[in-house]
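Have a look at the structure below before the remarks.
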Ligand SMILES: NC(=O)C1=CN([C@@H]2O[C@H](COP(=O)(O)OP(=O)(O)OC[C@H]3O[C@@H](n4cnc5c(N)ncnc54)[C@H](OP(=O)(O)O)[C@@H]3O)[C@@H](O)[C@H]2O)[C@@H](O)CC1
Ligand SMILES: [K+]
């Protein structure tokens with residue numbers, strides 16, 4: 001399913017009317033009716049319901065006028081609140097219709113807003129702002145939104161909760177907290193990213209008659225199962241371990257032995273042929289939770305950190321690898337930097353860089369240019385903080401617009417970027433996918449190491465970087481969601497996400 005920015009939606013709307021010839025009022029009529037339909041479906045009989053509809057001056061308000069007209073057929077207690085008569089031409093048509101019908105239309109002012117608190121509405125429809133919100137919400141608008149949020153009514157937002165930026169999901173000053181949001185054609189970015197997605201309540205996507213062909217060039221999609229390439233998960237019977245690749249996990253230190261185990265465990269559990277773990281010997285040999293399938297490559301260490309000299313002694317084994325997973329728990333040492341430089345100069349195999357690999361990359365000009373020039377496929381898996389270090393910006397700037405941050409990293413290194421958060425973004429700088437699976441039970445140290453292991457195994461099974469990233473992110477969060485069916489967000493552990501991959505793979509392959 002596509003996800004649209006406000007600009008894209010506006011262009012599509014414009015084409016639908018100017019080029020295809022569908023009048024704007026027809027689209028508005030359809031939009032308003034869809035909202036009514038949803039209310040009717042939820043409540044059934046609306047006869048005794050007290051309903052308020054708040055309509056702004058743009059077309060979002062026009063949708064609200066249409067919804068009001070249908071609601072008037074069902075209830076005698078429908079009240080329409082407007083911010084002024086100066087509305088868009090299409091909205092004006094439907095405002096006039098309401099006037100002709102003798103509907104109760106009140107212009108909002110301080111007094112009217114105060115009186116709202118005495119009225120106990122059952123249903124509120126929010127048609128204040130849609131994709132046309134351009135600045136922070138203040139004054140009367142703010143007061144009305146605060147009233148809506150304080151009311152006990154069931155709140156429907158038209159297109160997007162008013163106050164949510166449709167391009168980022170951020171709150172512009174104040175925003176409606178809806179129970180349900182009915183959006184049109186495709187979701188807007190703000191319907192999908194946090195906190196906007198949370199404020200939407202249940203999100204309903206409705207077709208209002210805009211030809212789908214108009215969205216053909218949109219590059220952003222929700223990561224649904226339909227977007228996954230499952231081809232290489234099928235195995236022909238006459239195959240052997242060599243067909244599924246050898247992954248070298250370069251990870252771990254005295255300080256973070258678990259990171260390397262989680263990464264390597266996830267890798268073997270996700271289908272790679274062989275997994276070699278290059279790590280300080282003393283930290284992993286005795287680790288209780290290590291799968292015995294992992295082949296240990298003890299690397300000489302100093303103060304618990306793998307050394308460059310020690311790493312080079314493993315050259316013979318390194319040469320046999322098909323994929324390298326680099327960084328989990330290595331620490332940000334000079335040795336880590338030297339090892340990454342060595343890999344990028346001497347190998348041409350797919351690489352996944354995570355955690356301390358990203359941290360040393362952020363500090364090194366040499367690594368920046370080596371990675372840019374590295375020709376084999378590369379996947380970077382930063383969380384917001386790591387992304388901000390790489391981009392040299394504030395973490396808030398990444399959070400404000402994660403899609404742009406992921407695109408920037410992807411373009412800068414000609415790589416696939418997996419920008420991890422509650423809504424992980426995957427991009428190869430052309431296409432963007434937003435993951436909507438997963439839960440806060442994944443917000444724990446070790447989750448990222450697991451993802452690195454899964455994505456490396458996908459590369460070793462022959463996927464290109466984008467397909468590998470999509471599958472790995474999907475499986476990782478699906479596994480956590482399945483766990484949540486019988487556990488809580490507190491008790492889900494990254495190691496259990498690995499264990500539970502059995503069911504996640506089955507659901508992806510068989511359902
Ligand atoms: N086009 C189509 O074909 C279809 C569109 N559809 C519907 O239209 C919606 C988009 O409509 P829209 O573009 O008119 O914008 P909308 O969100 O109603 O608001 C714009 C108004 O708000 C104002 N304003 C902005 N920020 C403000 C602030 N902070 N504080 C105060 N005012 C502020 C802004 O004022 P201005 O910035 O011009 O001063 C302007 O007056 C879309 O979401 C969907 O619901 C459907 O009917 C299907 C067909
Ligand atoms: K709205």
Out of 241, 221, 225, 254, sole residue that is in contact with a strand residue (DSSP E or B) (Cβ under 7 Å, 6 or more places away or on another chain), in contact (Cβ under 8 Å) with a residue 24 or more places away in the chain and under 30 Å from residue 8 (Cα atoms): 221
Hits in region 175-196 (condition: touching a helix residue (DSSP H, G or I) at 6+ places or on another chain (Cβ under 6 Å) and surrounded by fewer than 22 Cβ atoms within 10 Å (Cβ to Cβ)): 177
Matching entry among 497, 454, 426 (being at pLDDT 95 or above, assigned to a strand (DSSP E or B) and surrounded by 24 or more Cβ atoms within 10 Å (Cβ to Cβ)): 426
Matching helices (runs of 4 or more DSSP H) fully within region 286-378 where at least 1 residues are in the same structural domain as residue 456 (by TED's automatic domain parsing) and without any contact (Cβ under 8 Å) to a residue 24 or more places away in the chain: 308-312, 315-318, 334-346, 365-373
Filter result (within 21 Å of residue 52 (Cα to Cα) and either more than 11 Å from ligand 2 (Cβ to nearest atom) or not in a loop (DSSP other than H, G, I, E, B) (or both)) within region 121-137: 121, 122, 123, 124, 125, 126, 127, 137
Options 158, 105: the member that is within 16 Å of ligand 2 (Cβ to nearest atom), closer than 27 Å to residue 206 by Cβ, in contact (Cβ under 8 Å) with a residue 12 or more places away in the chain and in contact with a strand residue (DSSP E or B) (Cβ under 6 Å, 6 or more places away or on another chain): 158
Subset of region 118-138 that is within 19 Å of residue 170 (Cα to Cα) and surrounded by fewer than 21 Cβ atoms within 10 Å (Cβ to Cβ) - its residue that is nearest to ligand 1 (Cβ to nearest atom): 132
Only one of 41, 10 that is under 19 Å from residue 133 (Cβ atoms) and in a helix (DSSP H, G or I): 10
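The values are calculated or read from the model by the stated rules, or taken from the named source; none is laboratory data. Note that the coordinates shown come from a computational prediction; the quantities given were computed from them, not determined experimentally. Reconstructed Cβ throughout: ideal geometry from the backbone, glycine too, with neighbour counts over all protein chains shown.
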